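The values are calculated or read from the model by the stated rules, or taken from the named source; none is laboratory data. Because the structure is a prediction, the values reported are computed rather than measured. Cβ coordinates were reconstructed from backbone atoms using ideal geometry, including for glycine residues, and neighbour counts include every protein chain displayed. Please note that ligands, DNA and RNA were not included when accessible areas were found on the heavy atoms of the full protein model with its side chains. Shrake-Rupley method; radii C 1.70, N 1.55, O 1.52, S 1.80 Å.
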Amino acid sequence: QLGVPAAPHVPYAVADSRYPPSMDYRRMPIEVESPEEVGYERIRCNLAESSVSDMRLGDLGDLGAALADLVLLYGDHLGHPGLRELIAADGPGLAATDVLLTPGAAAALFMVATSLLRAGDHLVVARPNYATNLETPRAIGADISALDLTWEDGWRVDPDRIAALLRPATRLVSLTSPHNPTGQVMDSATIDAIIEIVERHPTALLLVDETYRELQGSVPPLAASRSERVISVSSLSKAFGLPGIRVGWLVTKDVTLRRTFLAAKEQMVITGSVVDETLGYEAMRQRDRLLAPIRRRTAAGLELTRRWMAAQEVFEWHEPRGGVVGFPRVLPAIDLDMDRFHAHLFDHDGTIVGPGHWFEQPDRWFRLGYAWPSLERLEEGLAALSGAAMDQLR
């Protein structure tokens, strides 16, 4: 049975009082209870994943020439030049030198937080959110103002609310689009309005986590191409299904920031893996071929979930507009014991979703991923959700 803590963080604190850390590291519920930690072999219908299904190495084609003669040296500290050029091409006015490759987007987010924030520095960050975007600033001891997105507003980001949260010493505004876990997307006008607010501020920078950028109706240019005050972060893990090669990146046109982030990377890992980055280059070079079936499969999963949602009377959601996840909730008028619900779902049906406490929300909400399992397993898992609810309601 999956553990469901009474409150976030507390059960996951791991610091030993004999060795007090300089940063307050705690294990995050989303990682402790993740499918890879619970054990994939125990899960039949995995609806907790925030990714498309994982690729196999052979899906990248014949890699013999790319890998056989690869010299396993320390690579370019910025990362594979060809891959950086392909990433930079996604934003007008960007150059390969504006791109820093990192070991996944998680490392990029860590570099941004630890480079820009010190204990007591002020941060505005959207919530709910991918846990690292909150937990790393919290570990640093930053002063956090949560931009709490609400069901009533359709999880929409309101630029005026961001402006109201800013302080004279605000260092960073942290947003995600497409958003994890709700699947909502900031349109171009909203992003432009937020950039204008940030540019009027003396010290604030805007971080946009664009991990699902490739999986939305109209793919926008990289947010970092819009302003020197914007930092873009992304990776090959979620939209490409390549989490096993640790390739992410951050992008900024600000020369001073680039030097700072490069210094952070060099102190953490010196360079990335030349094997991972070569595979990442091959994936990005074949982007159109690889993403076409992924987009079709994602659309099919969303349509199947949409039909299920319309046919049942226990759950509701704001339909995702991008990415591969949504954030449904149990209807307010329905009384469910959510611990019992999640236990039944896992123990009886081998099905897992991402409970609300992964995102510091009540467990009446849960993240539902519709692009990782096969359509057959997705349909089975959705039926299990209905069954777990009816186990209490019948």
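Only a single item in (1) part of a helix (DSSP H, G or I); (2) touching a residue at least 24 places away in the same chain (Cβ under 8 Å); (3) more than 29 Å from Ala113 (Cβ to Cβ); (4) open to solvent by less than 50 Å² (accessible area, probe 1.4 Å) is not met by Arg297, and it is number (4). Can you tell me which residue in region 312-324 is nearest to Pro178 (Cα to Cα), limited to those that are in a loop (DSSP other than H, G, I, E, B) and open to solvent by 40 Å² or more (accessible area, probe 1.4 Å)? Among those residues, the one meeting the criterion is Arg321.
Restricting region 129-175 to residues that are touching a Gly at 6+ places or on another chain (Cβ under 8 Å) and assigned to a loop (DSSP other than H, G, I, E, B) leaves a set whose member that is most open to solvent (accessible area, probe 1.4 Å) is Gly141. Considering only residues in region 265-277 that are of a type outside the set (Lys, Arg) and surrounded by 20 or more Cβ atoms within 10 Å (Cβ to Cβ), the one that is farthest from Lys238 (Cα to Cα) turns out to be Gly272.
For region 28-61, the set of residues classified as within 20 Å of Arg246 (Cα to Cα), in a loop (DSSP other than H, G, I, E, B) and open to solvent by 70 Å² or more (accessible area, probe 1.4 Å) consists of Asp54, Arg56, listed by residue number. Within region 216-239, the residues that satisfy the criterion of being surrounded by 23 or more Cβ atoms within 10 Å (Cβ to Cβ) and closer than 23 Å to Leu134 by Cβ are Ala223, Ala224, Val230, Ile231, Ser232, Val233, Ser234, Ser235, Lys238, Ala239.
Checked against (1) surrounded by 16 or more Cβ atoms within 10 Å (Cβ to Cβ); (2) more than 27 Å from Val157 (Cα to Cα); (3) without any contact (Cβ under 8 Å) to a residue 60 or more places away in the chain, Ala283 meets all criteria but (3).
Among the strands (runs of 3 or more DSSP E) confined to region 180-282, the ones with at least 3 residues that are aliphatic (A, V, I, L, M) and either in contact with a Leu (Cβ under 8 Å, 6 or more places away or on another chain) or closer than 20 Å to Ala107 by Cα (or both) are located at 205-209, 230-235. Checking each residue in region 325-356 for being assigned to a strand (DSSP E or B) and within 22 Å of the chain's Cα centre (by Cα) picks out Val325, Gly326, Arg329, Thr351, Ile352, Gly354, Pro355.
Among the criteria (1) of a type in the set (D, E, K, R); (2) at pLDDT 95 or above; (3) open to solvent by 40 Å² or more (accessible area, probe 1.4 Å), the one Glu360 does not fulfil is (2).
Scanning region 102-128 for residues that are assigned to a strand (DSSP E or B) and either more than 27 Å from Ser273 (Cα to Cα) or not polar (S, T, N, Q) (or both) returns His122, Leu123, Val124, Val125, Ala126, Arg127.
Residue count for region 233-256, restricted to those that are in contact with a strand residue (DSSP E or B) (Cβ under 9 Å, 6 or more places away or on another chain) and not polar (S, T, N, Q): 12.
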